[in-house]
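> Just passing along the structure, written as C-alpha coordinates.
The values are calculated or read from the model by the stated rules, or taken from the named source; none is laboratory data. Note that the structure is a prediction, hence the values are computed from the model and not measured. All Cβ positions, glycine included, derive from the backbone under ideal geometry; neighbour counts span all protein chains shown. Accessible surface areas use protein heavy atoms only, side chains included; no ligands, DNA or RNA. Shrake-Rupley method; radii C 1.70, N 1.55, O 1.52, S 1.80 Å.
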Amino acid sequence: PPDLCPAHTGVFQFLGQVECHFINGTEKVRLVVRYINNREQAVHFDSDVGHFVGDTPYGEIQARYWNSDPEWMEYMRAAVDTCRHNYEIDAPFTAER
(Lines give C-alpha, C1' and ligand atoms only; values in the text may rest on other atoms or scores of the structure.)
Protein backbone atom coordinates (compact mmCIF):
# COMPACT_ATOMS: atom_id res chain seq x y z
CA PRO A 1 0.00 0.00 0.00
CA PRO A 2 1.14 3.57 -0.53
CA ASP A 3 2.80 5.38 2.34
CA LEU A 4 0.34 7.54 4.17
CA CYS A 5 1.35 10.87 5.54
CA PRO A 6 1.48 10.86 9.38
CA ALA A 7 -1.68 12.95 9.59
CA HIS A 8 -3.72 10.15 8.01
CA THR A 9 -2.35 7.05 9.73
CA GLY A 10 -4.87 7.23 12.59
CA VAL A 11 -7.95 7.78 10.45
CA PHE A 12 -10.82 5.42 11.19
CA GLN A 13 -13.98 5.44 9.14
CA PHE A 14 -17.29 3.96 10.28
CA LEU A 15 -20.44 4.08 8.20
CA GLY A 16 -23.91 2.75 8.83
CA GLN A 17 -26.06 2.54 5.70
CA VAL A 18 -29.79 1.80 5.60
CA GLU A 19 -31.48 0.77 2.36
CA CYS A 20 -35.17 0.20 1.75
CA HIS A 21 -35.95 -1.75 -1.42
CA PHE A 22 -39.53 -1.57 -2.71
CA ILE A 23 -41.06 -4.03 -5.15
CA ASN A 24 -44.49 -3.13 -6.48
CA GLY A 25 -45.06 -0.29 -4.03
CA THR A 26 -45.18 -1.61 -0.50
CA GLU A 27 -46.31 -5.11 -1.52
CA LYS A 28 -42.77 -6.44 -1.00
CA VAL A 29 -40.32 -4.41 1.09
CA ARG A 30 -36.75 -5.41 1.90
CA LEU A 31 -34.61 -3.66 4.50
CA VAL A 32 -30.82 -3.91 4.30
CA VAL A 33 -28.64 -2.32 7.00
CA ARG A 34 -24.89 -2.32 6.37
CA TYR A 35 -22.09 -1.48 8.81
CA ILE A 36 -18.86 -0.55 7.06
CA ASN A 37 -15.46 -0.12 8.71
CA ASN A 38 -12.66 1.50 6.67
CA ARG A 39 -14.44 0.86 3.36
CA GLU A 40 -15.05 -2.82 4.13
CA GLN A 41 -18.51 -4.13 4.96
CA ALA A 42 -18.16 -5.86 8.31
CA VAL A 43 -21.72 -6.95 9.06
CA HIS A 44 -25.17 -6.53 7.56
CA PHE A 45 -28.81 -7.18 8.36
CA ASP A 46 -31.18 -8.29 5.62
CA SER A 47 -34.89 -8.45 6.47
CA ASP A 48 -35.34 -11.30 3.97
CA VAL A 49 -32.79 -13.35 5.96
CA GLY A 50 -34.04 -12.09 9.34
CA HIS A 51 -30.71 -11.85 11.17
CA PHE A 52 -27.27 -10.24 11.04
CA VAL A 53 -24.59 -11.81 8.88
CA GLY A 54 -20.89 -11.22 9.48
CA ASP A 55 -18.82 -10.39 6.41
CA THR A 56 -15.44 -10.19 8.19
CA PRO A 57 -14.06 -11.98 11.26
CA TYR A 58 -14.90 -8.93 13.42
CA GLY A 59 -18.34 -8.73 11.77
CA GLU A 60 -19.02 -12.37 12.64
CA ILE A 61 -18.40 -11.57 16.31
CA GLN A 62 -20.76 -8.58 16.12
CA ALA A 63 -23.39 -10.63 14.29
CA ARG A 64 -23.35 -13.36 16.96
CA TYR A 65 -23.66 -10.73 19.70
CA TRP A 66 -26.54 -8.84 18.04
CA ASN A 67 -28.36 -12.03 16.99
CA SER A 68 -28.29 -13.23 20.61
CA ASP A 69 -30.21 -10.16 21.83
CA PRO A 70 -33.96 -10.89 21.37
CA GLU A 71 -35.08 -7.28 21.92
CA TRP A 72 -32.59 -5.93 19.38
CA MET A 73 -33.60 -8.56 16.82
CA GLU A 74 -37.29 -7.81 17.34
CA TYR A 75 -36.54 -4.11 16.75
CA MET A 76 -34.55 -4.86 13.58
CA ARG A 77 -37.20 -7.19 12.16
CA ALA A 78 -39.89 -4.58 12.81
CA ALA A 79 -37.81 -1.78 11.21
CA VAL A 80 -39.05 -2.83 7.77
CA ASP A 81 -42.37 -1.25 8.79
CA THR A 82 -40.54 2.09 9.01
CA CYS A 83 -39.66 1.67 5.34
CA ARG A 84 -43.33 1.12 4.50
CA HIS A 85 -44.35 4.16 6.53
CA ASN A 86 -41.73 6.37 4.86
CA TYR A 87 -42.75 5.14 1.41
CA GLU A 88 -46.34 6.18 2.01
CA ILE A 89 -45.18 9.66 3.04
CA ASP A 90 -42.61 10.12 0.24
CA ALA A 91 -44.41 8.43 -2.67
CA PRO A 92 -46.49 11.46 -3.68
CA PHE A 93 -43.30 13.53 -3.99
CA THR A 94 -41.06 10.92 -5.62
CA ALA A 95 -42.58 7.81 -7.19
CA GLU A 96 -45.76 9.47 -8.48
CA ARG A 97 -44.03 12.36 -10.29
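> Place a +1 charge on the Cβ of each Lys and Arg in the chain and a -1 charge on the Cβ of each Asp and Glu, then give the dipole magnitude about the Cα centre in debye, rounded to the nearest 20. Each step should come with its number before you reach the end.
Values: 8 positive and 15 negative charges, 25 e Å.
Value, rounded to 20: 120 debye.
> Ok, one more. Can you compute the modelled spin-label distance between PHE12 and VAL53, with each label point 7 Å from Cα toward Cβ, in nm?
2.7
> Mean projection of the alpha-carbon convex hull of the range 14-92 over all orientations, in nm²?
On the way: hull surface 22.4 nm².
Projected over every direction and averaged, the Cα hull of the range 14-92 covers 5.6 nm².
> Leaving ligands, DNA and RNA out of it, rank ASP46, ASP69 by accessible area with a 1.4 Å probe, largest first. Intermediate results must be reported in sequence, preceding the final value.
Details: ASP46 15, ASP69 65 Å².
The most accessible residue leads, giving ASP69, ASP46.
> Distance in nm between label sites at GLU60 and PHE22, each 7 Å beyond Cα in the beta-carbon direction?
3.8
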